[in-house]
Amino acid sequence: MTRWPLPMRFLLVIAVLIAAAPPRAGAARPKATRGISGQVLQVGGVTPIASVQVLIRGEGIGVSTNTDGRFVLPEVPSGAVEVVFLHPCYFPVHVALQATGDAVVAIGLPYDESSRQRAGCGGLGARRPEARGTTEQK
């Protein structure tokens, strides 16, 4: 039988000890996930809004809406989350969702009149109606 050099035996013992060690008490466990999808429209209309940032607050998860105002967040932690909708020409909207299954969201963003001076924002809306939103959880 061949003897391994001392450094190799030492590394092998450490590898076995690490593999056999129980998980730490505070070790992160994989979170159950769900999907959130939907469409972002101008409040009071049917005009989709492209390039809206859709973010899960505190999770580092986010996407932008496509040209039809649609978005898909495929892996959102289950439980209570806050979804934030941001666009430079509209007031931000925060929506709290509590669910374990997939959710479909329709959001209306209110136009920010003060954004007319920003590039690309002129003439998008007439006044600031209240934010509207609906959710359907499966």
Inset, instruction - Go through the residues of region 57-67 one by one and say whether even a single one is within 10 Å of the chain's Cα centre (by Cα), without any contact (Cβ under 8 Å) to a residue 12 or more places away in the chain and assigned to a loop (DSSP other than H, G, I, E, B). - result: yes
Inset, instruction - Have a look at A80, A50 and point out the one that is out of contact with any helix residue (DSSP H, G or I) (no Cβ under 6 Å at 6 or more places or on another chain), surrounded by fewer than 15 Cβ atoms within 10 Å (Cβ to Cβ), without any contact (Cβ under 8 Å) to a residue 40 or more places away in the chain and not in a strand (DSSP E or B). - result: A50
Inset, instruction - Kindly list, by first and then second residue, each pair from a residue in region 30-46 that is within 15 Å of V63 (Cβ to Cβ) and surrounded by fewer than 20 Cβ atoms within 10 Å (Cβ to Cβ) to a residue that is modelled with pLDDT of 90 or more and not hydrophobic (A, V, I, L, M, F, W, C), limited to pairs with Cβ atoms under 8 Å and residues at least 6 apart or on different chains. - result: S37/R70; Q39/P48; Q39/T65; Q39/D68; Q39/G69; Q39/R70
Inset, instruction - Would you please list the contacts, defined by Cβ atoms under 9 Å and residues six or more apart or on different chains, that run from a residue in region 103-114 that is in contact (Cβ under 8 Å) with a residue 12 or more places away in the chain and within 24 Å of P77 (Cβ to Cβ) to a residue that is part of a strand (DSSP E or B) and among the charged types (D, E, K, R)? - result: A103/R34; A103/E136; V104/E136; V105/E136; A106/R132; A106/E136; I107/R132
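The values are calculated or read from the model by the stated rules, or taken from the named source; none is laboratory data. Keep in mind that what you see is a predicted model, and the values were worked out from it rather than measured. Neighbour counts are summed over all protein chains in view; Cβ atoms, including those assigned to glycine, are modelled from backbone coordinates with ideal geometry.
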